[in-house]
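> One structure follows; several queries about it will come next.
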Amino acid sequence: MNRYDLIIIGAGPAGLSAAISAAKNGLSVIVFDENSKPGGQLFKQIHKFFGSKEHKAKIRGFRIGEELLKEAEELKVTVVLDAIVTGLYQDKEISVKIGEEICHYKGDAVIVATGATENMVPFEGWTLPGVIGAGASQTMMNLHHIKPGNRVLMLGTGNVGLVVSFQLLQAGCQVAALVDAAPKIGGYGVHAAKVARCGVPFYLSHTIIKAEGEDCVRGVVIGKVDSSFQLIPGTEKHFDVDTICLAVGLSPMSQLLHMAGCKMQDTPLGYVPVIDENGATSVPGIYAAGDVSGIEEASSAMIEGRIAGTKAAEYLGFLSEDAAKEITAGLELALDRLRKGMFAPENRGKKITLTDEGIPVSDSLLTRGYLDEDELDRFPGIAKGKGIHPVMECTQNIPCNPCQDACPRKCIKIGENITSLPIIDEENSCSGCGMCVASCSGQAIFLLNEDYEPGYASVTLPYEFLPLPVKGDTGMALDRSGKKVCQAEIIEVKTPKAFDHTSLLTMKVPLDMAMKARFYKSRGCSHE
Amino acid sequence: MNKRNDRLAEIGPFISQPDDDMIICRCEEVTKGEIRKAVHDGMFTLTEIRRYLRTGMGLCQGQTCSKLVKSIVAKELGLPPGDIEPAVSRAPMRPIEMKILGNDRKEV
Amino acid sequence: MGNCADVIIIGSGIIGNSTAYYLAKKGCSVIVLEKSDHIGGGGSSRNGGGVRQSGRDKRELPLAMYGAANLWPQLSDELGMDVEYYQNGNLRLGKTEDHLKILNGLTERANAQGLGVTMINGNEAKDICPYLSDEVIGASWCPTDGHANPMLATLAYYRKARQLGVRFITGEAVTEIKKYKGKARQVITDSGVYEGETIILAAGYESRKIAASVGVDIPMTQALLEVLVTEAQPPMFYQMLGTAMADFYGHQSTHGSFVFGGSSGFEDFNKDNETPVTNSQTASCICRGIMKYFPCLSDAKIVRTWAGFIDVCADHVPVISHVEEVPGLILACAFTGHGFGISPTVGTILSQMATGEDPVLSIKDFRYDRFHTKI
């Protein structure tokens, strides 16, 4: 029998991280993945990650995947692709379909890191071609470079729905609307704001009534629901779309663990194995890490993977109990830091009305996807200043702090707790370098200069669309809701390498538009 | 596991609903109405529903529909979905041609 | 609802369910207690669905013949649900002279018992089933054999019995049968006590532990067999299939999928980890067996495999018996993997035994006390 110290199933963020941790401690490790590319969902993630440095924040997902893969290879981890693990049997034996053969492997320990699949929601016409998972559309766009459709309606305003909507816009699709049966947006407000300022409307407390079309999706009808999710007659609304994306949650792919006899439980995070804080299941030597043990983010999956890899090393005697404890203690701290704030797992489904700082949460952000101008003053990142200065429209406690490190002048403070809202340190003055703007994974930081020219202000914004405007272009400035508010002239375009493909557009707008204009639309641009 | 379940428990009559003809299990083309009816025929567990109607027995092995079936059955029984035990997971995790499954790599 | 009934049946497999149905039809009150969460959770939902007469032990053959002639053909109508019964014959295939010798022996024995089985050559077999490999040189052929869907048949009996008022309780593990004034009377479970005039123990291998509570033992063991199923194929053939060497057995279902059962040869030595989980090697072995006879199925995708225990009796035929030393107790176990095909007959007989009628067929060969030492 082919035997390894550790078998890992799934080469995504959790699996690769586990492999690295284990191999570092001397284990022989083999990783199987059914896909032809390693990295799992990371290679579809073209956006910058949240968190702090230890969580690989502000690095784009696919780059993190590349880094992990390189590190695993350097540690002589064997990664076998196009390898479907068909079963996890007694004695930690797996059967793997590789090519035209079934191969058998045994591991002294097994880490299952198989991730999750997309949930579906049934409505009339949901089986029509053109109704697809949001993740599937992401695969089409970012891995296969195929436009999933021309005009898309997105159901679901969790982070997946928001992030994919933005990526659809980037790919040149029109997004007709974002719809969610919940009365408030489920994902990060900053993700919603990116989409809203492109002009995409949000329909909260709405659901899809039916997909229209005989042979494929030709349209969709949505309607408003009451507080018990019952449709309110007469509220139907039709959209011409050719694609309906469903971003209605994920389910752990925990079948292998179930089959292996691990104790399972039904939780709000999915049907998952019962695990301890180190990912150990009820079967000694079998561990679970990442989404398969409960749906979270890739950032936490990577840490869970590292913990499981470390514990597997300890289980097999490659690490002393003390040494393992030292490593996992640090990792658990990093995990805790991610799991704080209003989006922490324990807050799922709860109504949060105040930030940790005691500031009322923006209602407009939660229902329309953008901050209302009247609400801006109460947030510490949005301060008026002389000359050029950052405006940080970051109003929710999300685990993220790259802006703090990005500012060479230390103008921005978040502090120890990475879910705190950023505040402006008045003592230090902004140089206008734009590093904070480019570093903000939520694209929520803008540079304002109300003294740009008499009667005019400059607004610098992050921009990740093509074609890139050039200096001297004129177009329209859009407000946070995507409404055209005034003429704008591009006065500077910066794309240094340090910005990692986030371009900074600086546009000149009338002074009274300084706190309104948040996006730029050149003439003939399609994203609306 | 092994929760006492009296199959004469009163769950009320089957009342048809306008969306009963909506397909829930795409692989085996099982509708919502068929699932609801099966509950009234006494199929109180997902395993029984599966054997009775073939839900989740197609190519995707319930990856897509199992959660949906579960919520329909739970609603029909008046239980929270968490009380309904998912059907077991069985190898192979993905459909495999007989000629490949029968082709174990020879150990050297 | 009370815990008393005319008959308490322990085990909700197809034997228990069919008995419950036939009893309810006679107007008896019945309670069925099932340990697992699911109706038919054991071997009844984990077999190849054969409704065979050929290849049966001569003691068992009358049960099979009675069912094929009188019960199976009407069963779907009677239960109000399609149990997917096909009476399209059974082909037992051979590829070598040695195989043919085995098949000849089976054929002769069947004919001696009055069952119509003939030996046919490879061409004749291909006329019946054109998908056979050219390597098949002969087969035994029993045209009155067939197959049905074991999951549906088990649930159909349950459904109908429930409609007739039988009370089924799943998740109810029986720990003990208790005698009261010299007669089996009470059935003790984890959660309570049930009482019946008659207690029928039809709990597969689990029966052994329960029977021990009244000091009765049946020499049986359990073996794990596996079944696999393909994705739906176009309609091809509806014979029940087997081979001289028992490489596999199975059929194509109404749905189009092929259901094949088989073994690896290590069944007697499987590790018992309490749940019937598949082995990493058995399905592959069964596939190789199938492809030797049906190369055309080699591209069919296997979507699922499962395993189930059979209760193997020391002499390979079941125990269907009153227990005189424990009046009121009827045993129906140790079916040795042959229980599905004869379940309508056995259910009929058990219902007759429980109501004091004379069974429609003799059951003297299935007595619980028939086992003797070898010397």
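The values are calculated or read from the model by the stated rules, or taken from the named source; none is laboratory data. What you are looking at is a predicted structure, and each value in this text was computed from that prediction instead of being measured. Note that each Cβ is placed from the backbone with ideal geometry, even for glycine, and that neighbours are counted across all protein chains shown.
> Is it the case, given these coordinates, that A:GLY135 is in a helix (DSSP H, G or I), under 19 Å from A:GLN45 (Cα atoms) and within 14 Å of another protein chain (Cβ to nearest Cβ)?
Working: in a helix (DSSP H, G or I): yes; under 19 Å from A:GLN45 (Cα atoms): yes; within 14 Å of another protein chain (Cβ to nearest Cβ): yes.
Yes; evaluated as a whole, the condition is true for this residue.
> Follow-up question, since we're still on this one. Sort out which residues of the stretch C:164-180 are of a type in the set (S, T, N, Q) and more than 8 Å from chain B (Cβ to nearest Cβ), and write them in order of number.
Of the residues in the stretch C:164-180, the ones of a type in the set (S, T, N, Q) are C:170, C:175.
Across the stretch C:164-180, the qualifying residue is only C:THR175.
> Could you list, in sequence order, the residues of the stretch C:233-246 that are surrounded by fewer than 21 Cβ atoms within 10 Å (Cβ to Cβ) and not hydroxyl-bearing (Ser, Thr, Tyr)? Write out each step before concluding.
Here is the first cut: in the stretch C:233-246, the residues surrounded by fewer than 21 Cβ atoms within 10 Å (Cβ to Cβ) are C:233-238, C:245-246.
Within the stretch C:233-246, C:GLN233, C:PRO234, C:PRO235, C:MET236, C:PHE237, C:MET245, C:ALA246 qualify.
> Among the residues in the stretch C:185-201, are any part of a helix (DSSP H, G or I) and either within 14 Å of chain B (Cβ to nearest Cβ) or free of Cβ contacts under 8 Å to residues at least 60 places away in the same chain (or both)? First the steps, then the outcome.
From the stretch C:185-201, those part of a helix (DSSP H, G or I) are none; that's our starting set.
Checked against the condition, which is being part of a helix (DSSP H, G or I) and either within 14 Å of chain B (Cβ to nearest Cβ) or free of Cβ contacts under 8 Å to residues at least 60 places away in the same chain (or both), the stretch C:185-201 yields no hits at all.
> Residues A:ILE295, A:ILE303, A:ILE327, A:ILE244: which one is hydrophobic (A, V, I, L, M, F, W, C), modelled with pLDDT of 95 or more and within 19 Å of A:GLY115 (Cα to Cα)? I'd like the intermediate steps shown before the answer.
Working: A:ILE295 fails: modelled with pLDDT of 95 or more; A:ILE327 fails: within 19 Å of A:GLY115 (Cα to Cα); A:ILE244 fails: within 19 Å of A:GLY115 (Cα to Cα).
On inspection, the qualifying residue turns out to be A:ILE303.
> Moving to a separate point now. When the stretch B:93-108 is examined, which residues are found to be charged (D, E, K, R) and within 7 Å of chain C (Cβ to nearest Cβ)?
At the first step, the residues of the stretch B:93-108 found to be charged (D, E, K, R) are B:94, B:97, B:99, B:104-107.
Passing the criteria: B:GLU97, B:LYS99, B:ASP104.
> Could you say which residue among C:ILE10, C:ILE14 is β-branched (Val, Ile, Thr) and over 14 Å from the mean Cα position of the chain (by Cα)?
Details: C:ILE14 fails: over 14 Å from the mean Cα position of the chain (by Cα).
Selected residue: C:ILE10, the only one of C:ILE10, C:ILE14 that is β-branched (Val, Ile, Thr) and over 14 Å from the mean Cα position of the chain (by Cα).
> Find the residue count for the stretch A:4-35, including only residues that are within 14 Å of chain B (Cβ to nearest Cβ) and out of contact with any Phe, Trp or Tyr (no Cβ under 7 Å at 6 or more places or on another chain). Don't jump to the end; show me each part of the working.
Residues of the stretch A:4-35 that are within 14 Å of chain B (Cβ to nearest Cβ), as a first pass: A:9-10, A:32-35.
Next, only the ones that are out of contact with any Phe, Trp or Tyr (no Cβ under 7 Å at 6 or more places or on another chain) stay: A:10, A:32-35.
The total comes to 5.
> What pairs come out if I take residues in the stretch B:4-23 that are touching a residue at least 40 places away in the same chain (Cβ under 8 Å) and under 20 Å from C:ARG162 (Cα atoms) and pair them with residues that are assigned to a strand (DSSP E or B) and of a type outside the set (D, E, K, R) whose C-beta lies under 6 Å away, six or more apart or interchain?
What qualifies is B:ASN5/C:THR170.
> Which ones in the stretch C:141-161 are surrounded by fewer than 24 Cβ atoms within 10 Å (Cβ to Cβ), in a loop (DSSP other than H, G, I, E, B) and in contact (Cβ under 8 Å) with a residue 60 or more places away in the chain?
C:THR144, C:ASN149
> Does the stretch C:349-361 contain at least one residue that is in a helix (DSSP H, G or I), more than 14 Å from chain B (Cβ to nearest Cβ) and polar (S, T, N, Q)?
Taking the stretch C:349-361 and keeping what is in a helix (DSSP H, G or I), we get C:349-354.
Adding the requirement that they be more than 14 Å from chain B (Cβ to nearest Cβ) leaves C:349-354.
This time we only want the ones that are polar (S, T, N, Q), so: C:351-352.
Scanning the stretch C:349-361 turns up at least one residue that is in a helix (DSSP H, G or I), more than 14 Å from chain B (Cβ to nearest Cβ) and polar (S, T, N, Q).
> I want to confirm something. Restricting to the stretch C:289-307 and keeping residues that are facing chain B (nearest Cβ under 7 Å) and basic (Lys, Arg), which single residue is nearest to A:THR86 (Cα to Cα)?
The selected residue is C:ARG304.
> Among the residues that make up the stretch C:131-145, is at least one of them within 19 Å of C:ALA203 (Cβ to Cβ) and not small (Gly, Ala, Ser)? Even if it seems obvious, please write down each step before you answer.
First, pick out the residues of the stretch C:131-145 that are within 19 Å of C:ALA203 (Cβ to Cβ): none.
Within the stretch C:131-145 (the criterion being within 19 Å of C:ALA203 (Cβ to Cβ) and not small (Gly, Ala, Ser)), the answer is no, since none of the residues qualifies.
> Tally the residues that are part of a loop (DSSP other than H, G, I, E, B), surrounded by fewer than 17 Cβ atoms within 10 Å (Cβ to Cβ) and at pLDDT below 95, restricting the search to the stretch C:255-294. It would help to see each step written out before you state the result.
Of the residues in the stretch C:255-294, the ones part of a loop (DSSP other than H, G, I, E, B) are C:255-257, C:263-266, C:270-281, C:294.
When the remaining residues are screened for being surrounded by fewer than 17 Cβ atoms within 10 Å (Cβ to Cβ), the result is C:256, C:265-266, C:271-275.
When the remaining residues are screened for being at pLDDT below 95, the result is C:265-266, C:271-275.
Of the residues in that region, 7 qualify.
> In addition: Restricting to the stretch B:93-104, give me the number of residues that are in contact with a Gly (Cβ under 9 Å, 6 or more places away or on another chain) and not in a helix (DSSP H, G or I).
Step one: of the stretch B:93-104, the residues in contact with a Gly (Cβ under 9 Å, 6 or more places away or on another chain) are B:93, B:100, B:102.
From the residues that got through so far, the ones that are not in a helix (DSSP H, G or I) too are B:93, B:102.
Looking only at that region, the number is 2.
> Looking at the stretch C:8-42, which of its residues are outside any loop (DSSP other than H, G, I, E, B) and closer than 25 Å to B:GLU85 by Cβ? Give the derivation first.
Of all residues in the stretch C:8-42, those outside any loop (DSSP other than H, G, I, E, B) come to C:8-10, C:14-25, C:30-33.
Residues satisfying the conditions are C:ILE9, C:ILE10, C:ILE14, C:ILE15, C:GLY16, C:ASN17, C:ALA20, C:ILE31, C:VAL32, C:LEU33.
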